[in-house]
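Heads up: the structure comes next, in structure tokens.
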Amino acid sequence: MSLEQYYTEEGIGERLASMLPVMNPHECVELSAGEGALLLPIIRKWPNIKITTCELDPLNVSKLKSSFKGKHHNIDVLSDSFEKAFKGKLASFDFAVSNPPFSWRDTSEYDIAILETFGLRDLFPGSRIRSEVLFILQYLRLLAELACVAFILPEFIVCSAAFSKFRYRLLAFCNVVSIAEINSGAFKGTEAKTYILILKKGWSSESFIYTDTSGSSVKKQQKDFCVGLKQLHLDSLPYSDADEFSIKRGTLSGKECKSLGLPFFHTSGFHESATDVVSLQLRSGVITGKKVLTTTKGDILINRVGSRVVGRAVIVEDGQYLVSDCVFRVRLPSSVCSKTFLTFWMKEVFPNITLTARGTCAKYITINDVAAFLREFLKTITPSHTASTR
């Protein structure tokens, strides 16, 4: 019997773990655990989390028992065995991960019962159904309100028109937190293009963060998930000279900036190291053999890195400062009000910046991330938000 197993590379699991929103789950469930590759980064992130797994392959169940403390079931989760194993446990888990089987299956009476539980039988009236659809619904049965589940799913489920109605109806039970595209060939045994999809049960949000294979991120609306993420690439293009704004990263470390005795901006804020007017040395453009980046009145400064400060932004009100390499300097078209952008950034972007940020220890964002949000902002502004309002 083929178990349709495409094992997860550990690097994919690490990426999935890095995308998770801030939370502190107590119990994680995985219904098609394989050898446990998705669970390893979860255990590293939360060492005390309780683990529950299900797996069809008895050899894998043995490996899971030897690797992870917890409950491990050798069952078919699309059968009555699921009901017995999780009796009294529905709507109780506060986190889940999943790399479900990528396959079609003959629709069983049990499958029909699951669909009817969610009022979705009309979407799948035929004799065949995708296993991924049923796994998604089983997880929603297990999750508590406001709990997250992180899936690895094929493009067919996430993007195809064939499943657009399913995605639309799915949003009645949960919302998308984030989606990331995975390079083709990332899984052993298949060249299927896949995505990391993070859902939150019983939660309502207008937007989510999408990241493509180049690492560029953009905020999209829930409706974009319904239509299959079409046209996302237009906002995810890398930053270039063709953009009508400027984004530059500083060149000196915070320590180098401090040692020069000149005014500078680092992630910790403005530092007035010089007591008098900014010296000619600062204006020269080259210090200690490096071409330095300076900032002046009206510029926007955004912290590039730092788990606690990443994404924080300010406007330079006056003076001239060196910019450290932990900071981006943003300059908008002269017709656009910097304060209007700062309001947009702090209200719409900053509260969710951890969903865009990369890195497992020191979180960081890229120039392409900032560029995507700038493009979105420039689409929304009106003539009343021009430089005349500065």
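So which lysines can K65 reach, going by Cα to Cα under 27 Å and dropping same-chain residues fewer than 8 places off?
Hits, sequence-local ones excluded: K45, K50, K84, K87, K89, K188.
Between K165 and T117, how high is the FRET efficiency from 1/(1 + (r/R0)^6) when r is the Cβ-Cβ distance and R₀ = 22 Å? Nearest 0.05.
0.80
Taking the Cα centre of each part, how many Å lie between segment 297-341 and segment 130-159?
39 Å
Points 7 angstrom from Cα along the Cβ direction at E206 and A85: gap in nanometres?
Label-label distance for E206 and A85, simple model: 4.1 nm.
At R0 = 25 Å, how high is the FRET efficiency between E145 and H26 if r is their beta carbon distance? Nearest 0.05 is fine.
So the FRET efficiency works out to roughly 0.95.
With 10 angstrom as the radius, rank E30, E145, E35 by how many other C-beta atoms surround their C-beta, starting from the fewest.
By the 10 Å Cβ count, ascending: E145, E35, E30.
Answer rounded, prolate or oblate for segment 10-235, using the Cα gyration tensor with square roots of eigenvalues a ≥ b ≥ c: rounded when a/c is under 1.5, else prolate when a/b is larger than b/c, else oblate.
Here segment 10-235 falls in the rounded category.
Could you put H266, H26, H271 in order, starting from the residue whose Cβ has the fewest other Cβ atoms within 10 Å? Don't skip to the answer; put the middle values down first.
Values: H266 25, H26 11, H271 17.
Ordered from fewest to most neighbouring Cβ atoms within 10 Å, H266, H26, H271 come out as H26, H271, H266.
For the residues L146, L78, L197, what sequence is obtained by ranking on other C-beta atoms within 10 Å, fewest first?
So the ranking, lowest neighbour count to highest, is L146, L78, L197.
Within the set of other residues whose C-beta is less than 11 Å from the C-beta of Q221, count the net charge using Lys and Arg as +1 and Asp and Glu as -1. Display every interim value, and only then the final one.
Details: positive: K219, K220, K223; negative: E206, D224, E376.
Around Q221, the charge tally is 0.
Based on the Cβ-Cβ distance of D76 and S335, what FRET efficiency does E = 1/(1 + (r/R0)^6) give at R0 = 45 Å, to the nearest 0.05?
Details: r = 62 Å, r/R0 = 1.38.
The calculated FRET efficiency here is 0.15.
FYI, it's all coordinate maths here, none of it is from the lab. Everything quoted here is computed from the prediction, not taken from an experiment. Methodologically, a virtual Cβ is constructed for each residue, glycine included, from the backbone with ideal geometry; neighbour enumeration extends over all protein chains shown.
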